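What follows is one structure encoded as structure tokens, with my remarks underneath.
The values are calculated or read from the model by the stated rules, or taken from the named source; none is laboratory data. The structure presented is a predicted model; accordingly, all values stated were derived computationally and were not measured. Glycine also receives a Cβ, built like all others from the backbone with ideal geometry; neighbour counts cover every protein chain displayed.
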């Protein structure tokens, strides 16, 4: 059973509130450094609550006005979490991983190639450029994939050899349990499947590490077989928004791949990877109604797809930086019924082999799988 499923209702509610409203830090240097920009989770910091590590917004306009404040950590790394100046819980911040201190032979810091997400998940954006991002008229308005590249915190293309080297070090030095390979969409009909295959093959040759790959649906469903054969264990294809009107307004370029194509691709991918081993991100708070998200989740679960529903985080420097984050009440109205549907379908996050749904740090969804 997932540790999150044993959480008391008060802790589940606290996690949902923190991820919606964010957190102010007395000491921003505490624990693992927070992430600004990039492909996500962005403007977040890893925070451990009741033994569960979640990603909480700390650099957003919502977080700056949050009623939650983390006090200065003590000698053991624990901080008092305060709501409106009243201590309500004890939290902690994971320490920086040891592999961050290393670099490749050609001088690239390991942290520029892959980063630690949550407590034991390694993640990387293999291609840090995207055809959707080239024009702000066509780009996803929530996306910050180019920010970390512009700031010099990453490199544009991670080679298979670099990824294998860093993955092996992260497993040996920091006990990483699984890895996420995502990518910006290249100008090729496979939509990144090829470079993900090359990357996964090299990683699996270096270390036994479960891998999730994430990309838009490729033009040819045969890519799913190739991805599986390369060593990819689970697949993510992210809808982000579920209704056509919201998709066209928020991500005009990506919306040219219609929801119907995603559904067809999901069905084909589940046939290859298995029920519960294909997932999709849904960003709650972009404009879709709670009912639309729940209805889409029901359809996805029937296909064998895990709908990883996360609260939208307004990232600084994007067109949606001033867009309000969803309220905790809105999130609970979505997460509770979807969590129950997942439990009834026997599709729990703990059974996912690798990836965002298994990690679960960007959403409290798995704590509702009861």
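Remarks
- Being on the phi > 0 side of the Ramachandran plot, surrounded by 14 or more Cβ atoms within 10 Å (Cβ to Cβ) and touching a strand residue (DSSP E or B) at 6+ places or on another chain (Cβ under 6 Å) is a property that does not hold for residue 71.
- Every residue from segment 147-184 that is in a loop (DSSP other than H, G, I, E, B) and buried (at least 21 other Cβ atoms within 10 Å of the Cβ): 154, 158, 176, 183, 184
- Total residues in segment 22-39 satisfying the condition of being surrounded by fewer than 22 Cβ atoms within 10 Å (Cβ to Cβ), within 26 Å of residue 238 (Cα to Cα) and modelled with pLDDT of 90 or more: the figure is 0.
- Candidates 111, 42, 66 - the one that is touching a strand residue (DSSP E or B) at 6+ places or on another chain (Cβ under 7 Å), modelled with pLDDT of 90 or more, crowded, with 16+ Cβ neighbours inside 10 Å and not in a strand (DSSP E or B): 66
- Restricting segment 45-63 to residues that are part of a loop (DSSP other than H, G, I, E, B) and touching a residue at least 40 places away in the same chain (Cβ under 8 Å), the residue that is nearest to residue 312 (Cα to Cα) is 60.
- Any chance residue 307 is surrounded by fewer than 24 Cβ atoms within 10 Å (Cβ to Cβ), touching a helix residue (DSSP H, G or I) at 6+ places or on another chain (Cβ under 7 Å) and either under 26 Å from residue 179 (Cα atoms) or at pLDDT 95 or above (or both): no
- Scanning segment 239-261 for residues that are under 18 Å from residue 196 (Cβ atoms) and either in contact with a helix residue (DSSP H, G or I) (Cβ under 6 Å, 6 or more places away or on another chain) or surrounded by 20 or more Cβ atoms within 10 Å (Cβ to Cβ) (or both) turns up just one, 254.
- The set of residues in segment 250-277 that are touching a strand residue (DSSP E or B) at 6+ places or on another chain (Cβ under 7 Å) and within 19 Å of residue 225 (Cβ to Cβ) comprises 266, 269, 270, 273, 276, 277.
- The C-beta contact set for segment 286-303 (first residue closer than 18 Å to residue 271 by Cα, second residue at pLDDT 95 or above and surrounded by fewer than 17 Cβ atoms within 10 Å (Cβ to Cβ), distance under 6 angstrom, 6+ apart or interchain) comprises 301/345; 303/267.
- For segment 76-97, the tally of residues that are within 30 Å of residue 166 (Cα to Cα) and either touching a residue at least 60 places away in the same chain (Cβ under 8 Å) or part of a loop (DSSP other than H, G, I, E, B) (or both) stands at 8.
- Residue check, residue 278 in contact with a helix residue (DSSP H, G or I) (Cβ under 8 Å, 6 or more places away or on another chain), closer than 20 Å to residue 180 by Cβ, surrounded by fewer than 22 Cβ atoms within 10 Å (Cβ to Cβ) and touching a residue at least 24 places away in the same chain (Cβ under 8 Å): no
- Selection of segment 74-89 for residues being under 27 Å from the mean Cα position of the chain (by Cα) and surrounded by fewer than 19 Cβ atoms within 10 Å (Cβ to Cβ) yields 77, 78, 80, 82, 83, 89.
- Number of residues in segment 339-370 that are within 20 Å of the chain's Cα centre (by Cα) and either under 25 Å from residue 64 (Cα atoms) or part of a helix (DSSP H, G or I) (or both) equals 18.
- Index of the failed condition, residue 125 passing every other in (1) closer than 15 Å to residue 43 by Cβ; (2) at pLDDT 95 or above: (1)
- The set of residues from segment 317-338 being touching a strand residue (DSSP E or B) at 6+ places or on another chain (Cβ under 9 Å) and either buried (at least 16 other Cβ atoms within 10 Å of the Cβ) or part of a strand (DSSP E or B) (or both) comprises 318, 325, 326, 328, 330, 331, 334, 335, 338.
- Complete set of residues in segment 119-137 that are in contact (Cβ under 8 Å) with a residue 40 or more places away in the chain and either part of a strand (DSSP E or B) or over 30 Å from residue 177 (Cβ atoms) (or both): 121, 122, 123, 124, 125, 127, 131, 132, 133, 135, 136, 137
- Scanning segment 215-238 for residues that are touching a helix residue (DSSP H, G or I) at 6+ places or on another chain (Cβ under 8 Å) and under 20 Å from residue 143 (Cα atoms) returns 215, 216, 217, 236, 237.
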